[in-house]
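Notes follow once the structure below has been shown.
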Amino acid sequence: MDIKTKERIRALIGFSNADENLRRIMGFVSENQVKGDYAEFGVYRGFSFISAYKFAELFGIKDMRFWAFDSFEGFPKIEGIDTEHIWKTGEYSCSKEGFLNRIKRAGVREDLVIAIKGFFNKTLKKKYDIKKLAVVYVDCDLYESAKDVLKFIEPYIQEGTLICFDDWNAYKGRPDRGEQKAFNEFQNRYKKFKFIEFYNSGYNKTFLTLRK
């Protein structure tokens with residue numbers, strides 16, 4: 001679904017599938033006292049990021065920082081199997097300054113936000129001051145990008161971590177494309193935890209991490 005359609009739906013009904021998903025996610029984190037930060041990969045103009053912050057605030061979640069990872073230049077060069085979709089290089093571009101200004105206007109506390117600019121194949125090879133992640137929000141659409149994200153989060157996930165994929169059913173829902181392909185490979189490689197379905201909106205899908 002393109003961003004203009006998403007914005008029209010939000011304007012008409014006041015919320016999106018992502019909003020409902022994040023409401024459930026933050027309710028779970030609060031009820032089960034899952035400690036850790038929120039990390040979103042592919043923030044664009046901050047729609048989901050703002051919702052995550054607002055629901056965390058609503059549920060009284062303390063000590064959660066909000067990490068925003070994005071190239072802030074749109075999609076990288078589309079290559080390989082990712083070329084089979086409608087995505088275009090540079091699509092979903094929003095400057096870092098534009099993103100930060102928008103979330104500030106929405107009331108997000110600046111001191112809780114860490115925004116990391118750059119393409120994932122470079123920025124996610126670095127170390128950051130993350131101890132654990134309570135919520136991982138994957139909205140990078142591409143197989144190659146999602147693969148980088150999942151490799152990066154391995155040291156930070158724990159029992160109770162929720163991993164949400166915003167475009168789970170892109171590529172006509174094929175399990176060998178996009179975010180699904182990256183996650184299937186991740187599960188096969190990462191044997192410490194198992195992942196069960198937490199919430200499925202039809203396009204977004206969230207998994208709960210449990211220790212084996």
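Counting only residues that are assigned to a helix (DSSP H, G or I) and farther than 15 Å from G42 by Cβ, which one in the stretch 107-121 is most open to solvent (accessible area, probe 1.4 Å)?
E110
Quick one: in the stretch 157-174, which of the residues that are open to solvent by 40 Å² or more (accessible area, probe 1.4 Å) and either under 21 Å from R24 (Cα atoms) or at pLDDT 95 or above (or both) is farthest from the chain's Cα centre (by Cα)?
If we take residues in the stretch 157-174 being open to solvent by 40 Å² or more (accessible area, probe 1.4 Å) and either under 21 Å from R24 (Cα atoms) or at pLDDT 95 or above (or both), then E159 is farthest from the chain's Cα centre (by Cα).
Given the criteria open to solvent by 20 Å² or more (accessible area, probe 1.4 Å), farther than 19 Å from F165 by Cα, touching a Gly at 6+ places or on another chain (Cβ under 9 Å) and outside any helix (DSSP H, G or I), does K131 qualify?
Yes.
I'd like to know if the stretch 42-55 contains one or more residues that are of a type in the set (S, T, Y), assigned to a strand (DSSP E or B), modelled with pLDDT of 90 or more and in contact with a helix residue (DSSP H, G or I) (Cβ under 9 Å, 6 or more places away or on another chain).
So far as the stretch 42-55 goes, no, none of its residues is of a type in the set (S, T, Y), assigned to a strand (DSSP E or B), modelled with pLDDT of 90 or more and in contact with a helix residue (DSSP H, G or I) (Cβ under 9 Å, 6 or more places away or on another chain).
Going through K104, K147, K194 one at a time, which residue ends up being among the charged types (D, E, K, R), surrounded by 13 or more Cβ atoms within 10 Å (Cβ to Cβ) and assigned to a strand (DSSP E or B)?
Every option except K194 fails the conditions.
Find all pairs meeting these conditions: Cβ atoms under 9 angstrom apart; at least six residues apart or on different chains; first residue within the stretch 119-138 and under 26 Å from E91 (Cβ atoms); second residue open to solvent by 80 Å² or more (accessible area, probe 1.4 Å) and in a strand (DSSP E or B).
Between residues of the stretch 119-138 that are under 26 Å from E91 (Cβ atoms) and residues that are open to solvent by 80 Å² or more (accessible area, probe 1.4 Å) and in a strand (DSSP E or B), the close pairs are T123/K117.
If Q33 meets every condition in (1) in contact (Cβ under 8 Å) with a residue 12 or more places away in the chain; (2) farther than 14 Å from S145 by Cα apart from one, which number is that one?
Every condition holds for Q33 apart from (1).
Suppose we filter D70, D82 for residues that are closer than 18 Å to A146 by Cβ, at pLDDT 95 or above and touching a Gly at 6+ places or on another chain (Cβ under 8 Å); which single one remains?
Answer to the selection: D70.
Would you tally the residues in the stretch 70-101 being over 12 Å from G46 (Cα atoms) and not in a loop (DSSP other than H, G, I, E, B)?
5
Examine the stretch 81-88 for a residue that is within 14 Å of C140 (Cα to Cα), of a type outside the set (F, W, Y), open to solvent by less than 60 Å² (accessible area, probe 1.4 Å) and touching a residue at least 12 places away in the same chain (Cβ under 8 Å), and state whether such a residue exists.
Yes: the stretch 81-88 contains one or more residues that are within 14 Å of C140 (Cα to Cα), of a type outside the set (F, W, Y), open to solvent by less than 60 Å² (accessible area, probe 1.4 Å) and touching a residue at least 12 places away in the same chain (Cβ under 8 Å).
Looking only at residues in the stretch 175-191 that are of a type in the set (S, T, N, Q) and surrounded by fewer than 21 Cβ atoms within 10 Å (Cβ to Cβ), which one is farthest from D141 (Cα to Cα)?
Within the stretch 175-191, the match that is farthest from D141 (Cα to Cα) is N188.
So the check is Cβ under 9 Å with 6+ separation or different chains; which pairs have a first residue in the stretch 56-67 that's of a type in the set (D, E) and a second one that's part of a strand (DSSP E or B) and surrounded by 20 or more Cβ atoms within 10 Å (Cβ to Cβ)?
Final answer for the pair search is D63/D37.
With aromatic (F, W, Y) and surrounded by fewer than 21 Cβ atoms within 10 Å (Cβ to Cβ) as the only criterion, which of F28, F66 stands out?
F28
The values are calculated or read from the model by the stated rules, or taken from the named source; none is laboratory data. Because the structure is predicted, anything quoted here is derived from the model rather than measured. Reconstructed Cβ throughout: ideal geometry from the backbone, glycine too, with neighbour counts over all protein chains shown. These accessible areas exclude ligands, DNA and RNA; they are computed on the full protein's heavy atoms, side chains included. Shrake-Rupley method; radii C 1.70, N 1.55, O 1.52, S 1.80 Å.
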